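Quick notes on the structure that follows.
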Amino acid sequence: MKKSQSRIVATIEVAQIPDDESARYVERFLSPHEVKSNAKAYLYPEVHATLSKMVRAMGISGVSIGSYASEIILDHIAKHHSVMRSVFGQNCKDLF
């Protein structure tokens, strides 16, 4: 049986990340947020494992895999909303 490869591909560079950049990342993505929905979203197992490791390592009360994933997705939408509208605008009602 062939083992499937991870979909997470990263180029590892040996570089020093400035403390302020790390702090901005934690503030943006790993701040406590209450998720008030029981909606389900299925993640690739390797994505779930990566997010879980990060959340556990931070140990910040109120931060969950769901809140972390939501912040990542919100950031993606903010950065790509115009192309998302373009892709879906032809066949659907307004996306936003």
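Restricting attention to the range 11-34 and to residues that are surrounded by 11 or more Cβ atoms within 10 Å (Cβ to Cβ) and assigned to a loop (DSSP other than H, G, I, E, B), the residue that is modelled with the highest pLDDT turns out to be Leu30. Can you tell me which residues in the range 36-84 are in a helix (DSSP H, G or I), among the polar types (S, T, N, Q) and surrounded by 13 or more Cβ atoms within 10 Å (Cβ to Cβ)? Scanning the range 36-84 gives Thr50, Ser52, Ser67, Ser70. Once the range 33-63 is narrowed to residues that are in contact (Cβ under 8 Å) with a residue 24 or more places away in the chain and among the hydroxyl-bearing types (Ser, Thr, Tyr), the residue that is farthest from Ser22 (Cα to Cα) is Tyr44.
The values are calculated or read from the model by the stated rules, or taken from the named source; none is laboratory data. What you see is a predicted model, and the numbers here were worked out from it, not measured in a lab. Backbone-built Cβ (ideal geometry, glycine too); neighbour counts: all protein chains shown.
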